[in-house]
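Bear in mind these aren't lab numbers, they're just calculated from the coordinates by the rules spelled out. Keep in mind the model is a prediction, meaning the values are calculated, not measured. Heads up, the Cβs are rebuilt from the backbone with ideal geometry, glycines too, and the neighbour counts pull from every protein chain shown.
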Amino acid sequence: MSADPKLNYEKDWQEKYSDMVMTAEQAVARIRPGQRVFIGSGVAQPLRLVSALVGRHAELADTQVLSSLTLGDAPYAYKELVDYFSVNTFFVSANVRNMIQEGYGDYTPISFSDIPALFVSGEMPIDVALIQVTPPDVQGRCSLGVSVDIVKAAAANAGLVIAQVNPQMPWTLGDSFVSVLDLDILVPGDDPLIETSYAGFIDDIKAGTWASDSWSIAQAIGEHIASLVEDGSTIEVGIGRIPHAVVSLLKDKKDLGIHTEMVTDAIIPLIEAGVITGEQKSMDRGKIVTSFAMGTKALYDYVDNNPLFSFNPTEYVNDPFIIGQQHKMVSINTALEVDLTGQVSSDSLGTSFYSGIGGQADFNQGAGRSDGGRAIIALPSTARGGAVSRIVPVLRPGAGVVTTRGAVHYVVTEYGVAYLHGNSVQERAMALITIAHPDFREELLSKAIEYKWVRPEMADVEGRFFVGPKEVRTTMLLDDGTLISFRAMNPTDEPATRDLFYSLSQETVYYRYMSHMKRIPRKQLQNFVYVDHRNEVAIVGTVPEAYGEEIIAIGRYYLDQKTNRAEVAFVVRDDWQRRGIGSFIMKHLASIAKRNGIAGFTAEVMRANKAMQAVINRSGMKVSSALNDGVYHFEMDF
């Protein structure tokens, strides 16, 4: 970012610290058999030092290599070297996955926020740390550059610190510095950093051969998630198709902040467009807080000496308490499977480890406790090219539960959003079935009934699991600035529809149902919410609430195929009436019906229901009516 970010470097650092300078081969000669060697993480893996380490393998029996998420080759992770190097990783990256899955290496499941304490306490002592830094400045400080994360704690607690000093490492600001005198050996190494594009990286790590999510599916998921991100939110996003799709859809938001363990190239356009300002952050206002960067050279150049970015250790960035203090904190993490009770598996498929706990538990917990925060788990609905569902009745044996059923909040697929926190098992199961792929909904419902997680009578709705098209979505802005969102009614709207019914006055109930109903039978309620969205269309008007959303209006029509006319009806909660909502619903339903080739509407309206009559007469349609036994029969032509 700076025109000349190296102006403050010590120009003659090799001469000034000549007693510390060695070649890579000389440096690794200090490593003894049986020691634990930490490898720097992310794109800052010091490949020159790693290559020298592996070159000495014949002299390093029983050496444990400790790592986290790393890119680039891992030449120590080969079966022919198992007598010399044993791999232990906090995150199963692609470069070590085969060794882990074949039983030749170890995986240590732990939240990223807890890793530094292992080093500090001595619970996991580090003999040697191989890291990568910038050249020292005139004050004797080196920057850890694009990988501060757990590297700073590892370097501070290792018995021997060997640093590759790379002038191509960006000079990042924040709590990212180490004194050159706290390093033991300096190895000059002018090497390009590892580069990676966003596309599919983490998703492919997590999915392996299960990857089925195309960019279009990621975009659909991204649209759902973007709708949950309010102006002024602070967000955590990672790398991969889904998070990148989310970021690309945030261009219309305002004053977003960033507090995330990882930044990628995807955020640069939002910064340049003024979307990311950090002006409403509760902590580190105006700063993009992260612990590591992973992307292309364009990103590395952008963060170089850029005061907008604050690179900090994992124990700060991933601390759930710190995360939870951000107002409107939104965490976006991906998963492999989610079962019908809400358990989230993210690091393994059954007994096969694919990735790691990473920061998911940290940010899910932090966002969950944030004022106005939203903790989101995203995943495509299927895997293996659509052959299997990722929403499953139960997780497969051995699957790791990274986010528990008690901690999960939002789950998002390309088919919609399920809000689970505080909901019963039955409500969770129905919500998750609704956002599962249509090919698997009936099987999931059958299993939920078999496990006694939903009522036996729910068997009656088999074959009626339909999710309305997103094309019916719209919004209405009231005179006082209140925004009402309209969408298709879904099966999971049963509880909210029941709540709406019992909130209505007796007069409103009488006008809508032409009966003094005191209760709404469950069977009738199910008929209301299980809609095929072809012969019958139903939309709901919602306003946001802490638990997700509240339904304040319902509109629907029923098609008579013989006449190609549809009977229309709607209801608006009493405290929202006389604000134009009914007229808006009528026009929106008419627009939907026209697209579906319907000729017009009919309606049965009681003579005393002047409000409904006014809506119809002002609808702009050709209206005719006839009164019979105190009930108007209206016909409306489009």
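Details
- Spin-label pair residue 627/residue 15, simplified geometry with 7 Å Cα→Cβ offset, distance in nm: 10.6 nm
- In order along segment 244-250, the phi-based Karplus estimate (6.51 cos²θ - 1.76 cosθ + 1.60, θ = phi - 60°) of 3J(HN,Hα) comes to 5, 4, 4, 4, 5, 9, 9 Hz; Gly and Pro are listed as x.
- The calculated FRET efficiency for residue 301 paired with residue 179, based on their beta-carbon distance and R0 = 30 Å, is about 0.70.
- Taking every DSSP helix (H) stretch of at least 4 residues in the chain, weighting each as -39,500 (n - 2.57) and dividing the sum by the residue count yields a mean residue ellipticity at 222 nm of -7000 deg cm²/dmol.
- Remark on residue 327: its backbone amide H falls under 5 Å from those of 282, 283, a criterion applied only to residues 5 or more positions apart or on other chains, H modelled at 1.01 Å from N.
- Reported label for calculated semi-axes √(5λ) of the Cα gyration tensor in Å given (1) 57, 26, 18; (2) 59, 34, 21; (3) 52, 33, 26: (1)
- Stretch gain in nm, segment residue 567-residue 470, where the contour uses 0.36 nm per residue and the Cα spacing is subtracted: 32.7 nm
- Amide H to amide H distances under 5 Å link residue 378 with 333, 334, 335, 412, where only residues 5 or more positions off or on other chains count and H is placed in the peptide plane.
- Positive-end residue of 164, 409, 588, charge dipole of the chain with Cβ unit charges: 588
- The packing ranking, built from the mean of other Cβ atoms within 10 Å per residue, places the peptides 269-277, 356-364, 62-70 in the order 356-364, 62-70, 269-277, highest first.
- In plain terms, the chain from residue 8 to residue 252 could stretch by 83.9 nm, reckoned as 0.36 nm per residue minus the Cα-Cα distance.
- Between the alpha-carbon centres of segment 487-556 and segment 42-71 there is a gap of 61 Å.
- Subset of 152/281; 287/328; 281/328; 253/328; 16/152 violating a 19 Å alpha-carbon distance limit: 152/281; 16/152
- The gain in end-to-end length when the residue 575 to residue 455 segment is fully stretched comes to 39.9 nm, 0.36 nm per residue minus the alpha carbon separation.
- Net charge contributed by nearby residues that have their C-beta within less than 13 Å of residue 58 (K/R +1, D/E -1): -3
- Counted by Cβ distance under 11 Å from residue 435, the other residues give a net charge of +1, where Lys and Arg count +1 and Asp and Glu count -1.
- The string of couplings for segment 153-168 from the Karplus curve (6.51, -1.76, 1.60, θ = phi - 60°) is 5, 5, 5, 6, 10, 7, x, 9, 10, 10, 10, 7, 9, 10, x, 8 Hz, one whole number per residue in order, with x for Gly and Pro.
- J(HN,Hα) series, segment 506-520, from Karplus relation 6.51 cos²θ - 1.76 cosθ + 1.60, nearest Hz, glycine and proline x: 4, 5, 5, 4, 5, 5, 6, 9, 6, 7, 7, 6, 9, 8, 10
- Mean sequence separation of contacting Cα pairs (under 8 Å, at least six apart), scaled by the length of segment 13-188, corresponds to a relative contact order of 23 percent.
- Under the combined filter of DSSP loop state and at most 13 neighbouring Cβ atoms within 10 Å, segment 261-295 retains these trypsin sites (Lys or Arg not before Pro): 285.
- Cβ-Cβ FRET estimate between residue 545 and residue 51, R0 fixed at 60 Å, reported to 0.05: 0.60
- Our summary gives the chain a relative contact order of 9 percent, counting only alpha carbon pairs under 8 angstrom and 6 or more residues apart.
- Between residue 499 and residue 446, the simple spin-label model (points 7 angstrom out along Cα→Cβ) gives 3.3 nm.
- FRET efficiency for residue 479 and residue 61, using Cβ-Cβ distance with R0 set to 60 Å, rounded to 0.05: 0.15
- Compared with the dominant principal axis of the Cα atoms in the chain, helix 215-226 is inclined by about 70°.
- Antiparallel DSSP beta bridges within the chain, percent to nearest 5: 50 percent
- 0 to 90° range, to nearest 10: angle between helix 581-595 axis and the chain longest Cα axis: 80 degrees
- Distance in nm between pseudo-label sites at residue 194 and residue 279 (7 Å out along the Cβ direction from Cα): 3.9 nm
- Other-chain or far-sequence residues with amide H under 5 Å of residue 87's (modelled H): 65, 106
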